Amino acid sequence: MAVVLDPGQTAAAARLGRLLDRHGRVRKRVRGIYLHGRPGRGKTMVMDRFFASADPIRKRRFHFHNFFAELHAAAHELGSIEKAVARLLGDAELVCFDEFHVHDIGDAMLVARLLDTLFAEHRTLVVTSNYPPEGLLPNPLFHDRFVPTIERIRAALDVVTLDGPLDYRTLGTRQDQGFGAGRYVVTAEDILGPGVVLDLIDGRTVRAESVDGEAVTFGFAHLCGTATSAADYLRLTARFHRWTLVAVPPLREVPPDWAMRLVNLVDILYDADLPCTIHAAEPVTELTAGVAAVPDLARTASRLSELSLTGARTVRTA
């Protein structure tokens, strides 16, 4: 069944389409696009339709979490951003980043160097983001240091807004595969197993509640309440293709870094399109209510709303 675009999506799709010639090739020296708006407005869908229409040669598409983790590793190994970009992008003329964001000053400096490299090499860049350029790195302690990069973004990319009051993920349309095949279970307690220790890297470990082939269950406190990273979650998705996260408390009751790890985890599972079941103390709207200073939590709530909502009886095992 063909997807019918709303007027905002149609306008954004048309603007992206002007980057390509009639053969689907990227036009020479064309300005890229910075596509932003609130969660659930269809930015990823519009970008992916555009990406699919482009000539298959010399194009790359990444979720920004994934790319940034690979960039860190490659830059450490090769000793320079330029060499890392060359390895990751090859001869790609069109580069698409989904969910572009900058929240940390250390990451901001690396993002600045990445963008300088991409612009200097005249690669055509398309990004989606929940933030307008001036909303990147919103921390007032560091924002001014990122302003020159924001100005570079505006100088090199056309800023296009795809926004509106409707979050399409909240309409109740469910999938029977991928991320949306999971469930959101409202329950006070969860079935907890004896625990399995999983190796990460650098001698670190994380405890899972249970492992069954390609399925893994984590307790929220053991996964998000310890010093795990988005790169750890990416590595774990290569091993486990069905995920369950249990004992998720109201996020207003936990430290902000715990909630931020949940944001990163959901982003990665969503982009990998892996089935995800969440056992939480409250429905999504209450789970994320009253939480301050956690970037992108609205996107997490939007994505979790795609999961079918069920209740569960209180069960505990030793």
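The numbers here are math on the coordinates, done by the rules we state, and not lab data. Computed from a predicted structure; not experimentally measured. All Cβ positions, glycine included, derive from the backbone under ideal geometry; neighbour counts span all protein chains shown.
In order along segment 108-117, the phi-based Karplus estimate (6.51 cos²θ - 1.76 cosθ + 1.60, θ = phi - 60°) of 3J(HN,Hα) comes to 4, 5, 5, 4, 4, 5, 4, 5, 4, 5 Hz; Gly and Pro are listed as x. Database remark: amide H of residue 246 closer than 5 angstrom to the amide H of 218, 219, 220, 279 (H placed geometrically; neighbours at sequence offset of 5 or more, or on other chains; Pro and chain starts carry no H). Fully extending the segment from residue 72 to residue 227, taken as 0.36 nm per residue of separation minus the present Cα-Cα distance, adds 54.0 nm. In degrees from 0 to 90, rounded to the nearest 10, what is the angle of the helix 43-53 Cα long axis to the longest principal axis of the chain? Computed tilt is about 50 degrees. List the aspartates and glutamates whose alpha-carbon lies under 16 Å from that of residue 83, not counting same-chain residues fewer than 8 positions away? Excluding near neighbours in sequence, the set is 70, 91, 116, 121. Report note on the peptides 233-240, 15-22: ranked by the mean count of other C-beta atoms within 10 Å, highest first, their order is 233-240, 15-22. Taken about its Cα centre, segment 1-81 carries a charge dipole of about 480 debye when Lys and Arg each add +1 at the Cβ and Asp and Glu each add -1 at the Cβ.
A simple charge model with +1 on the Cβ of Lys and Arg, -1 on the Cβ of Asp and Glu and nothing else charged puts the dipole of segment 7-161 at about 740 debye relative to its Cα centre. Within the listed set 232, 199, 273, the residue fluctuating most in the Gaussian network model of the chain (springs between alpha-carbon atoms under 10 angstrom) is 199. Please work out the Cα center distance from segment 227-242 to segment 11-39, rounded to the nearest Å. Value for the Cα centre distance between the two parts: 32 Å. Taken about its Cα centre, segment 193-234 carries a charge dipole of about 160 debye when Lys and Arg each add +1 at the Cβ and Asp and Glu each add -1 at the Cβ. Counting only alpha carbon atoms, the long axis of helix 256-272 and the longest principal axis of the chain meet at about 70°. Amide H to amide H distances under 5 Å link residue 183 with 276, 277, 278, where only residues 5 or more positions off or on other chains count and H is placed in the peptide plane.
Each residue of segment 75-86 was assigned a 3J(HN,Hα) from its phi angle through the Karplus expression (A = 6.51, B = -1.76, C = 1.60, θ = phi - 60°), giving 5, 5, 6, 8, x, 7, 5, 4, 5, 5, 4, 4 Hz with x at Gly and Pro. By the rule of a C-alpha distance below 23 Å, with chain neighbours fewer than 8 residues away ignored, the lysines paired with residue 43 are 59. Between helix 230-239 and the chain, what is the angle of the helix's C-alpha long axis to the longest principal axis, kept within 0 to 90° and rounded to the nearest 10? It works out to around 70 degrees. For volume of the Cα convex hull per residue in Å³, the value computed from the atomic coordinates appears in the list (i) 138; (ii) 146; (iii) 163 under label (ii).
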